[in-house]
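Below is one structure, written out as structure tokens; the observations come after it.
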Amino acid sequence: MPLLEVKDLSVSYGAIKALQKVNITVGENKIVAILGANGAGKSTLLKKISGLMPADAGTIVYAGKDITSLSAERITQAGVVHTPEGRKIFEDLTVKENLQIGAFTVKRKTVEASTIYKDAMPERIKKMIEDKGHTDFSVDLTKQEVIRNNFARVYNVFPVLKERNHQVAKTLSGGEQQMLAIGRALMGTPRLLILDEPSLGLAPMIVKNIFSVIEKLNEEDITVLIVEQNALQTLKIADYAYVLKVGRIIKEGPAQKMMQDDALVEAYLGN
Amino acid sequence: MKKCMECMKTRWNRFVALLKRHPPLQYVIFGGMLAIMGLGPYFGIIPVSTAMFGALITVMIWTVAALGINLLLGYGGLISLATAGFMGVGALGVGIFMTEYGWPFELAALMTLLISGALGLLIGIFSLKVSGIYLAIGTLFVGEILRRIFTNVPIFGGERINIGEITFLGRFTIDRNLPFQDFATGASQYERYWLYLILTVLMVLTMIVVHNIVKSSTGRAFMAMSRSENAAQSMGISIIKYRLIAFIVATMLATLGGIMYAIYFQNAPTEAWTLILSLMIIGAVVVGGLKSIFGTFLGAVIIHLVPNLYLRPLFGDVRSLFTGVLIIVVILFYPRGVVFVVTDLKKLWGKLKKRLQGRKETAHDEQS
Amino acid sequence: MSGALRSFDGVKRMNITNLLRVLFNSLNTGSVYALAALGIVLIFRTSRTTNFAQGSIGTLNAYVAGYLFMTFGWSIWVVALASMATAFVTGILIDVFVIRPAAKVNPISKQIITLGLIIVIVGAIPFIFGVDTYQLSRFFTTGAYTVAGATLRHNTIFVVLLSLFLMSAIFWFIQYTKWGLAIRVTASDETTSRLMGVPTKTVTMLSWATAAMLGTLAALIIAPQGSVNPNFMVDVQVNAFFAGVLGGFQTFYGAVIGAYIIAFARNFTNFYISDIWADVIVYSSILVFLYLKPFGLFGKKPIRKV
Amino acid sequence: MNSPKKPILELNKVTMRFGGLVAVDNLSFTVHEKEIVGLIGPNGAGKTTVFNCATQFYDDYEGDIRFYTEAGDSVDLRSKKVTEIAPLGISRTFQNIELVQDLSILDNVLIGAHYKFETGVFRHIFKTKKARDEEQVWKARAEEILKFMNIAHLKHFYVAGQPYGILKKIEIARAMMMNPRLIILDEPAAGLTDYETDELEKLVYRIRDEYNISILLIEHDMGFVMNICDRVCAINFGKYIAMDTPKNIQEHPEVKEAYLGSEA
């Protein structure tokens, strides 16, 4: 069963039809890319999935549950975390506070002991590991412990955020802000991470860095739905891709195949 | 019979065409209707009571002040909470100049208008740097400063300035202090009606002035400015100029409202010009209809006349509760204002008609 | 000549007793303004509207207190708690039934809605409580210190400390707790906050409840100086607004500081310069200040984007 | 074209910074008379910033932007205020359609003629003869332009509720009302249907040919850009990549990389 299924989704703003009968499937533990030129309706699709706008028609099923009419808060709580376009970090808050708010919906959780970050590991679990002599067993983490573990994970993925912990977010560079935005999403322990244009306005070196992080997160346990302009680089890490043009899906297929596809170039540069 | 109907129809069409060519005529006709209504208490044929007569006076005063606010808020997208303060300037200014300095009414009124225009200019200048909620509360400061001056400074005589009879054009004196009931007899007792008529004329003139502004390139500049200042500027519209004009006109019209109060009541109270009055007038604009001149009048009727005249006897003390609920409900469900009910009904009618015709046509098609 | 005379007059009045008297008085009114202003800022930040009805909400619940106080003879402490509870409910009701449905109404009409609220409340009061005015006692009716000839009531000390304590508690809450953080993010970007799973509707609702309680407390503090009548909070309402713009709406503490500044400035000008022109002088100075610093003492100019 | 091309707008080493961010970086290009030029680049490349500099919304850029009048004099735009740009002969449209919703289409177009009105608010209040005559003159002109755009039959309708294609046309009509020599179009085809895009294409040609107006446009619909433009200027990160004919731009490796990203 796929983690996310979008069926026949249509959205319009007044007279403009932003999406027309869009169908998308995101398999568990996959990276799925949605490509297309500006104005193709990519952001609208993401906003609809995360509950920010009403749809005219269609259904969205996540982990077997219909989430079409759930509020954005509830969808986030269910494990779908959306990093919006343009990062939208809380500029006047510190890095730490930004991360804290990302953990707003965190609940107590059962995890494999092996996935707990060493520097966030509570004494009692360290002791359990010592007693049992191995790490492959499940433990119950309290809410506080989950949050601490998530902090450790974010700092592990983006060490620069630890250095900047008490800095006000608007003083960060563009790349660091994007890292903060992704880090903030990770604080909510997402099962499905939605990224809207993570490379927007960033220099190629930083983009490369961020893409390798996305790949790494996917290898750990996160399913990723990504919208990007930077098509070729996205296709390199993606498993499957859809190409949107003016509200319709004009092409879909495994990422490797899409790279050679003319439809892609056409969608971006015309014919 | 049918012929008569047809000729009525063509006459009506000709009349509509005339109105279209000379839009100010509609305000003149409206004023004429009000003038006839005002005769109600004297002849008893027209169902207008003494109480309604009194309420209409306030409605007209509010309408003039509210038209200024409509220009500012509806067309220009700016807000002022100093309306009541400037109405006070109008009433008390005329009072001071007439009683303390012994000036004739016309000069006193002109001077008061000039002073308030200058104050409006100052607010306009203020608005160039301060915006949003800071501007709104900035104008509230102005209103409060004026109010403190009225109530604290001894020259305003504490509770009120009694102006007494006003002589218009140095000739016509109208004594309104005769009790209303006595008007039933005798020809010399129409005088209170003359005052009513003067207010009607002033209101109609204001309506025409506002109409002319709104339908000119100045009015279009206001609307472009309130839609987007950046876009307006790129069309060569100077934001500074039009903000100043908007504030000056709005304060002068509020002041004119105050002068009308002084004309009719022949005194100028110092304590009446509160924030609540300003808010009520803005409420009248919003409820009646932003960007609508008749809507402004309608709003004043809904907010002042209806509660005072019809709701008080029905509901007693709950009437102001009703006004409040009405304001909230209208904004929630009819954000463009009550006056647009008419346009919307027309649209609905048009749609219905089309659908009916469509059905007929399809029926026809099926037959053939 | 007259100038010399005036300064002599001034010297006569400028003694430590009078100074302290004005100071104590200012602390008292400053606290009242500050409580009301904090409520206004809280609502402005979370609901994006200026609440003209802040004073009226306080009035309504002060009536509840006054009614209980005079009809049943309950202790002032009990009626204060009772009116706080009704204030909490009032705030929630207003948010749910009036403000939330108005989410898509344009900003100015939204402000006019709060005007409608004033009229509703002022209209409802005689209907519920009759046309009589009510009296409320101070929290401490007796007891005072005398400092250099000036009387300092125990009650004044209590209300000033209580206000400062409550406001500090609120600041602490906003700054250091999870839900406080939720308030701050809701204030800065509601959409993104929802993406983080923050239930912004609940946050806004609780802000209204808190603001209503703050307004009611302000009303309870100032009520003993006169009577509880439909208009007794108008002065507080207006000055709380002024405090907001003086301090700036971008921070939560700015308005509180602005409130004390306005209270001190008004009282001192009133006593030492002119009781006729005091407000005119103070308000005009703030206007000039605002012209120079259009976003208040602690506000910054937002970046303009085209 | 055989005759030597005369420039109309010239950007020379323009740089625009916001705090630490460089939105436009040392950019130079020229638009010639009777030319349709497209400015393209990925999201965030700084295209709209270029427009905002050229129309003086931002006046703290480095470098200079020149406009050539009909007589051939060059004007440094920095010496002009925002409100003086339209009278000079440059008009623009906006990404988010800045029309007054509850005003008729004709009145919206008339806003474009604002700076041409000689009568002021006093004449308007009293509706003097001069004011009335002037209003008539510009109304006639507006109707002429609406007729040119084939929307004259809609002139008395409100803007609110009109389809997107019409809104775009009204904005262009309003821009033409200013008698410009250069029109700057910000995403004219965004949100249009294929049919409307075709129509717009023809319209832009007609504007150029019948009114001798040069056009500079930003657009993401590449099909449209490549069809219509004489030359296309591609930028990324505010920097110039290339300026050439559409065909050459489409095949330019750096442009491809800017759009599709590098594979490395």
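Near the amide H of B:V338, under 5 Å away, which other amide H atoms are found, from residues 5 or more places off or on another chain, if H is placed in the peptide plane?
The answer is B:G288, B:G289.
First select every other residue whose beta carbon is under 14 angstrom from the beta carbon of C:I281; then total the charges, Lys and Arg +1, Asp and Glu -1. Intermediate results must be reported in sequence, preceding the final value.
On the way: positive: B:R148, C:R266; negative: B:E144, C:D275, C:D279.
Spelling it out: positives minus negatives among the neighbours equals -1.
Take peptide A:206-212, look around each residue's Cβ out to 10 angstrom, count Cβ atoms belonging to other protein chains, and average those counts.
The shielding value for this peptide is 1.
Return the Cα extents of region D:1-99 along principal axes one, two and three, sorted largest first, each rounded to a whole Å.
43, 29, 28
Taking 8 Å as the Cα distance limit and 6 or more residues as the minimum spacing, I'd like the relative contact order of region C:16-292 as a percentage. Could you put the intermediate results ahead of the total?
Numbers: 410 pairs, mean separation 105.2, N = 277.
Result for region C:16-292 is 38 percent.
Give me the percent relative contact order of chain A, please, defined on Cα pairs under 8 angstrom at least 6 residues apart.
On the way: 497 pairs, mean separation 75.7, N = 271.
Dividing the mean separation by the residue count of chain A yields 28 percent.
For chain C, the longest stretch holding no trypsin sites (Lys or Arg not before Pro) located in a DSSP loop with at most 10 other Cβ atoms within 10 Å is which?
Here the longest segment lacking exposed loop sites spans C:105-303.
By how many degrees, 0 to 90 and rounded to 10, does the Cα axis of helix C:54-72 deviate from the longest principal axis of chain C?
That helix lies at roughly 70 degrees to the long axis.
Could you list, in their original order, any pairs among B:K129/B:K215; D:K147/D:K202; B:K215/B:K291 whose Cα atoms are separated by more than 20 Å? Spell out each step's value before the answer.
Numbers: B:K129/B:K215 28 Å; D:K147/D:K202 15 Å; B:K215/B:K291 11 Å.
Going by Cα-Cα distance, B:K129/B:K215 fall outside the 20 Å limit.
What does the charge count around A:A152 come to, taking other residues whose C-beta lies under 10 Å from its C-beta (Lys +1, Arg +1, Asp -1, Glu -1)?
Neighbourhood net charge equals +3.
Long-range amide H contacts for D:I235: which residues qualify at under 5 Å (H placed 1.01 Å from N, peptide plane, sequence gap of 5 or more or a different chain)?
Excluding prolines and chain starts, which carry no amide H, the hits are D:I40, D:G41, D:I241.
Rounded to the nearest 500, what is the 222 nm mean residue ellipticity of chain B from helices alone, with -39500 (n - 2.57) per DSSP H run of 4+ residues and division by all residues? Display every interim value, and only then the final one.
On the way: 16 runs with 258 residues, N = 368.
It lands at -23500 deg cm²/dmol.
Quick check: the angle from helix B:105-129's long axis to the longest principal axis of chain B, C-alpha only, nearest 10 degrees?
70
Can you pull the one-decimal nm distance between simple spin-label points at B:N267 and C:L81, each 7 Å off the Cα toward Cβ?
Distance between label points: 5.1 nm.
With a cut-off of 8 Å between alpha carbons and a minimum separation of six or more residues, what is the relative contact order of region B:26-337 in percent? Can you show the working numbers first?
Details: 473 pairs, mean separation 106.3, N = 312.
RCO, region B:26-337: 34 percent.
Pick from D:F57, D:F237, D:F126: which residue has the top mean-square fluctuation in a GNM of chain D where Cα pairs under 10 Å get a spring?
D:F126
In a Gaussian network model over chain A where Cα atoms closer than 10 Å are linked, find which of A:P84, A:P204, A:P190 has the largest mean-square fluctuation.
Top of the fluctuation ranking is A:P204.
Can you give the calculated 222 nm mean residue ellipticity of chain D, where each DSSP H run of n ≥ 4 adds -39,500 (n - 2.57) and the sum is split over every residue, rounded to the nearest 500 deg cm²/dmol?
-11000 deg cm²/dmol
Can you give the % of DSSP beta bridges in the protein assembly as shown that are antiparallel, to the nearest 5?
Taking every DSSP beta bridge within the protein assembly as shown, about 65 percent pair in antiparallel fashion.
Under the rule a/c < 1.5 gives rounded, and otherwise a/b versus b/c splits prolate from oblate, where does the protein assembly as shown land using the Cα gyration tensor?
In terms of gyration-tensor shape, oblate.
Residue by residue through D:168-178, how many Cβ atoms from other chains fall within 10 Å of the Cβ on average?
Taking the mean over all residues of the peptide, I get 1.
What average count of beta carbons from other chains do you get within 10 Å of the Cβ of residues in C:271-284?
Averaged over the peptide's residues, the number is 3.
Under 10 Å from the Cβ of A:V95, count the other residues' Cβ atoms, weight Lys and Arg +1, Asp and Glu -1, and hand me the total.
Spelling it out: positives minus negatives among the neighbours equals +1.
What's the longest uninterrupted piece of chain B once you rule out the GluC sites (Glu not before Pro) that are loop residues per DSSP with at most 14 other Cβ within 10 Å?
In chain B, the maximal stretch lacking such sites is B:166-270.
Just want the ordering: B:Y264, C:Y145, from fewest to most Cβ atoms lying within 10 Å of their own Cβ.
Details: B:Y264 21, C:Y145 12.
With the sparsest Cβ surroundings first, the list reads C:Y145, B:Y264.
Estimate the FRET efficiency between A:V168 and B:K9 by the formula 1/(1 + (r/R0)^6), using the beta-carbon distance for r and 60 Å for R0, to the nearest 0.05.
0.25
Relative to the longest principal Cα axis of chain D, at what angle does helix D:194-211 sit, 0 to 90 degrees, rounded to 10?
For helix D:194-211, the angle is close to 70 degrees.
Pairs A:K65/A:K109; B:K241/D:K47; A:K107/A:K132; D:K5/D:K47; A:K245/D:K168; A:K107/C:K201: which are spaced more than 28 Å apart, C-alpha to C-alpha?
Long pairs (Cα-Cα over 28 Å): B:K241/D:K47.
Using only helices, what value at 222 nm comes out for chain A when you add -39,500 (n - 2.57) per DSSP H run of length 4 or more and divide by the total residues, to the nearest 500 deg cm²/dmol?
Dividing the helical sum by the residues of chain A leaves -10500 deg cm²/dmol.
For a quick check: with amide H placed at 1.01 Å from N, whose amide H comes under 5 Å from C:A144's, ignoring anything fewer than 5 positions away on the same chain?
C:H154
Calculate, for B:T167 and D:Q95, the FRET efficiency according to 1/(1 + (r/R0)^6) with r their C-beta to C-beta distance and R0 56 Å; round to the nearest 0.05.
0.35
Tabulate in residue order the Karplus-calculated ³J(HN,Hα) for region C:270-278, using 6.51 cos²θ - 1.76 cosθ + 1.60 with θ = phi - 60°, rounded to whole Hz; enter x for Gly and Pro.
4, 7, 9, 10, 6, 6, 7, 9, 3
Which whole-Hz ³J(HN,Hα) couplings does region A:242-257 yield from phi under the Karplus relation 6.51 cos²θ - 1.76 cosθ + 1.60, θ = phi - 60°, glycine and proline marked x?
In residue order, the calculated couplings are 10, 10, 9, 9, 6, x, 10, 8, 9, 6, 8, x, x, 4, 4, 5 Hz.
If the elastic network links every pair of Cα atoms under 10 Å, which of A:R191, A:R153, A:R74 fluctuates the most in the Gaussian network model of chain A?
A:R74
All of the numbers you see were taken from the coordinates with simple rules; none came from a lab. Bear in mind that the values here come from a model prediction, so they are computed numbers and not experimental data. Please note: Cβ atoms are built from the backbone with ideal geometry, for glycine as well, and neighbour counts cover all protein chains shown.
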